[in-house]
Structure formats: structure tokens, C-alpha cells
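Values quoted throughout were computed directly from the atomic coordinates according to the rules given, and no laboratory measurement underlies them. This one's a predicted model, so the numbers in the text were calculated from it and none came from an experiment. All Cβ positions, glycine included, derive from the backbone under ideal geometry; neighbour counts span all protein chains shown.
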């Protein structure tokens, strides 16, 4: 049975920091927040979705940021995004080139690593 596609990425976050998640994922990255299903709301966290891009943040009582494992997103203009992220006060890190891409990493408000990649044509 083949896997058809990836539905969403879930990242962990500490309890009570939903406002920080909204500021980064909706405010800086521009991914709108969507309401979690009612039965999941008591767990806390936030969901952000825009078409096929779906990032769910869930509360982990023993939270430790994911500093190596990460989601990677294709973006239209990685340099403009780097400027936007950096000006918003979040860490931006460049890395070794990867053939066919310009790329960078950023840390969300909780220290989770996220990769942003632009296809070079």
C-alpha cells in the first residue's frame, strides 16, 4: 500500500505560548491560523494551514526544541523571507548549498528548526 501524500507536519511547543506561535507562523510566515477541531482544543496548541501547507503545533509537557529534525518548505523568494524573519527578531542561519536550491534555516519562537528552500531555475 503506497503512501499517497503528506497531510501535515506537527511540531511541538511549550504550554501557554500560542500567542508566540501565532506571531511567527501567521504574522511572519503568513500562514493563516485555522480552528482546531473542538474536541482537540482543550489540548492547547495551534494549527496553521494554507492550501497544501499545514503546520500543527501541539503542546508537549516535556518540550525540547527540535534542533536537527525539521520540515522543509519550498518558497518563492528565500532572500526576502530571510529578511522578513530576521527583521522580526528570529534566528536565520544559512547552510551548505544544495544543488538546485537556495536555502536557509530559521528557528521558530520555541527553537524548532525549519528549512526554507527556493528552487533555482
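Computed quantities for the displayed model
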item: Test set (1) touching a residue at least 24 places away in the same chain (Cβ under 8 Å); (2) surrounded by fewer than 17 Cβ atoms within 10 Å (Cβ to Cβ); (3) under 13 Å from the mean Cα position of the chain (by Cα) - residue 106 fails condition number; result: (2)
item: Residue within region 88-97 that is surrounded by 11 or more Cβ atoms within 10 Å (Cβ to Cβ), under 29 Å from residue 39 (Cβ atoms) and more than 13 Å from the chain's Cα centre (by Cα) present; result: no
item: Residues of region 30-63 that turn out to be on the phi < 0 side of the Ramachandran plot, free of Cβ contacts under 8 Å to residues at least 40 places away in the same chain and either touching a strand residue (DSSP E or B) at 6+ places or on another chain (Cβ under 7 Å) or surrounded by 11 or more Cβ atoms within 10 Å (Cβ to Cβ) (or both), as a count; result: 12
item: Residue 21 surrounded by 11 or more Cβ atoms within 10 Å (Cβ to Cβ), without any contact (Cβ under 8 Å) to a residue 60 or more places away in the chain, under 12 Å from the mean Cα position of the chain (by Cα) and under 20 Å from residue 88 (Cα atoms); result: no
